[in-house]
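Undergrad: Got a structure for you, questions after.
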Amino acid sequence: MTNTSSSSNPSVLGALAGRNAVVTGSTSGIGLGIARALAAAGAAVTLNGFGEPAEISGLLADLAEQTGVAVRYSGADMRRPEQIAAMIAEAEMALGPVDILVNNAGIQHVAPIESFPLDRWDDIIAINLNAPFHAIRAVFGGMKARGWGRIINTGSAHALVASPFKSAYVAAKHGLMGLTKVVALEGAEQGVTCNTLCPGYVWTPLVEQQIADQCKVHNKSRDEVIRDILLAPQPTRRFVTVEEVGALAVFLASDAARSITGTSLSVDGGWVAR
Ligand code: NAD
C-alpha cells in the first residue's frame with residue numbers, strides 16, 4: 001500500500017526533509033506517534049503493524065494529507081525474520097535507502113515466572129528483541145556505506161529497571177539496551193547512531209490490555225491498578241504522551257544529535273531517578 005500524494009504543507013520543509021524512515025509497530029500507540037512526528041518533520045515514512053485494512057488505509061491517507069510526505073505500509077510480522085528483511089528491501093525499492101529505522105513494535109505479558117506461558121515468552125523475545133536485530137542487520141551496511149544513519153529503539157523504563165511479573169519484557173528490553181550499545185560502537189565512525197528511548201507508562205492499547213492482567217496478579221481493581229501500580233513509580237503521576245516520545249525521536253534523527261549514541265534517553269516522568 002503506497003500513498004505518495006503530496007501537498008503544499010510547509011511542514012514538509014522540516015529538519016528531516018529528504019530522509020526515509022521505517023517505523024515498526026506504527027499502526028497504533030507510540031509507533032504511530034513517532035511516525036506522525038517524523039512525517040511532520042519531513043521524512044517519508046513506512047508504517048508497519050497489524051490492524052484493519054480500512055483503518056490502515058485511513059491512517060496513510062490522513063498522514064499524507066497532513067504532512068505532504070510519501071507514506072506507505074508494510075504488514076510484515078516482526079516474529080518473522082524473512083518478512084523483516086523483505087519490509088526493508090521493499091521500503092528501499094519504493095522510497096530509496098532507509099536513513100532512519102525505528103524499532104518500536106512490542107508486546108507485553110504480565111504473569112508470575114512459574115506460570116508464564118512459554119509461547120508468550122517466545123513472542124515477546126521475538127518481537128521486542130530479535131526483530132530489532134533483524135531490521136538493524138538489513139539497514140546497517142547501507143547506512144554505514146552512505147555515512148549517515150539513525151537507529152532508534154523503543155525500549156522502556158524496563159530496559160533499565162525491573163518490575164515483578166514481567167520477566168520476558170524486562171529481559172527483552174534490557175537485551176535491546178545491550179544491542180543498542182554494540183550497534184553504536186560498530187557504526188560510530190560511519191555516522192550511524194543508535195539509541196534507545198525509555199518511556200515510562202504511556203497511555204496506549206498495550207497499557208490498556210495489561211490492566212486486566214495486572215488486576216489479576218495484584219488482586220486490585222482497575223482504578224487501584226492505575227493509581228498503585230502504573231502511576232506509582234512515575235513521580236509526575238501522569239501518563240507520558242506519544243507526542244512527547246515523538247518529539248524526542250525527531251531530535252535524535254536530526255543532525256544536531258550526531259554525538260548522541262549508544263545511550264538510553266528516559267521519557268518517564270522521573271521513574272528511574274528513584
Ligand atoms: P501498542 O499496542 O499501541 O502498539 C504496538 C504496535 O506493534 C502496533 O502497531 C501493533 O500492531 C504492532 N505489533 C504487535 N505485534 C506485531 C508483530 N508481530 N509484527 C508487527 N507489528 C506488531 O503498544 P505501545 O504501547 O505503543 O508500545 C509500542 C512500544 O513502546 C513497545 O515496544 C513497548 O514495549 C514500548 N513501550 C510502551 C510503553 C507504554 O506505556 N505504552 C512504555 C514503555 C515502552
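The values are calculated or read from the model by the stated rules, or taken from the named source; none is laboratory data. Keep in mind that what you see is a predicted model, and the values were worked out from it rather than measured. FYI the Cβ positions are ideal-geometry reconstructions off the backbone, even for glycines, and counts take in every protein chain you see. Quick note on the areas: whole protein, heavy atoms, side chains included, nothing else; ligands and nucleic acids left out. Shrake-Rupley method; radii C 1.70, N 1.55, O 1.52, S 1.80 Å.
Undergrad: Write out, first by first residue and then by second, each pair whose Cβ atoms fall under 6 Å of each other, whose residues are 6+ apart or on separate chains, and whose first residue, in region 21-41, is more than 18 Å from E52 (Cβ to Cβ) and within 6 Å of the ligand (Cβ to nearest atom) while the second is open to solvent by 10 Å² or more (accessible area, probe 1.4 Å) and part of a helix (DSSP H, G or I).
TA: Pairs that qualify, where the first residue is more than 18 Å from E52 (Cβ to Cβ) and within 6 Å of the ligand (Cβ to nearest atom) and the partner is open to solvent by 10 Å² or more (accessible area, probe 1.4 Å) and part of a helix (DSSP H, G or I), are I30/V242.
Undergrad: How many of the residues making up region 188-237 are within 13 Å of the ligand (Cβ to nearest atom) and either of a type in the set (D, E) or part of a strand (DSSP E or B) (or both)?
TA: 6
Undergrad: Same structure, new question: If E243 satisfies every condition in (1) open to solvent by 60 Å² or more (accessible area, probe 1.4 Å); (2) away from the ligand (no atom under 16 Å from the Cβ); (3) modelled with pLDDT of 95 or more but one, which is the exception?
TA: All conditions are met except number (2).
Undergrad: Would you mind stating whether R150 is in a strand (DSSP E or B) and of a type outside the set (V, I, T)?
TA: Values: in a strand (DSSP E or B): yes; of a type outside the set (V, I, T): yes.
Taking the combined requirement at face value, the residue satisfies it.
Undergrad: I've got another one for you. From the set of residues in region 144-169 that are over 19 Å from the mean Cα position of the chain (by Cα) and aliphatic (A, V, I, L, M), which is nearest to the ligand (Cβ to nearest atom)?
TA: A162
Undergrad: Quick one: R80 ticks every box in (1) within 26 Å of S156 (Cα to Cα); (2) touching a residue at least 12 places away in the same chain (Cβ under 8 Å); (3) of a type in the set (K, R) except a single one, so which number is it?
TA: (2)
Undergrad: Does region 164-187 hold any residues that are among the basic types (K, R) and not in a helix (DSSP H, G or I), and which are they?
TA: Scanning region 164-187 gives a single hit, K166.
Undergrad: From the list I113, I107, exactly one residue is of a type outside the set (G, A, S), open to solvent by 40 Å² or more (accessible area, probe 1.4 Å), in contact with a Ser or Thr (Cβ under 8 Å, 6 or more places away or on another chain) and touching a residue at least 24 places away in the same chain (Cβ under 8 Å). Which is it?
TA: That would be I113, the only listed residue that is of a type outside the set (G, A, S), open to solvent by 40 Å² or more (accessible area, probe 1.4 Å), in contact with a Ser or Thr (Cβ under 8 Å, 6 or more places away or on another chain) and touching a residue at least 24 places away in the same chain (Cβ under 8 Å).
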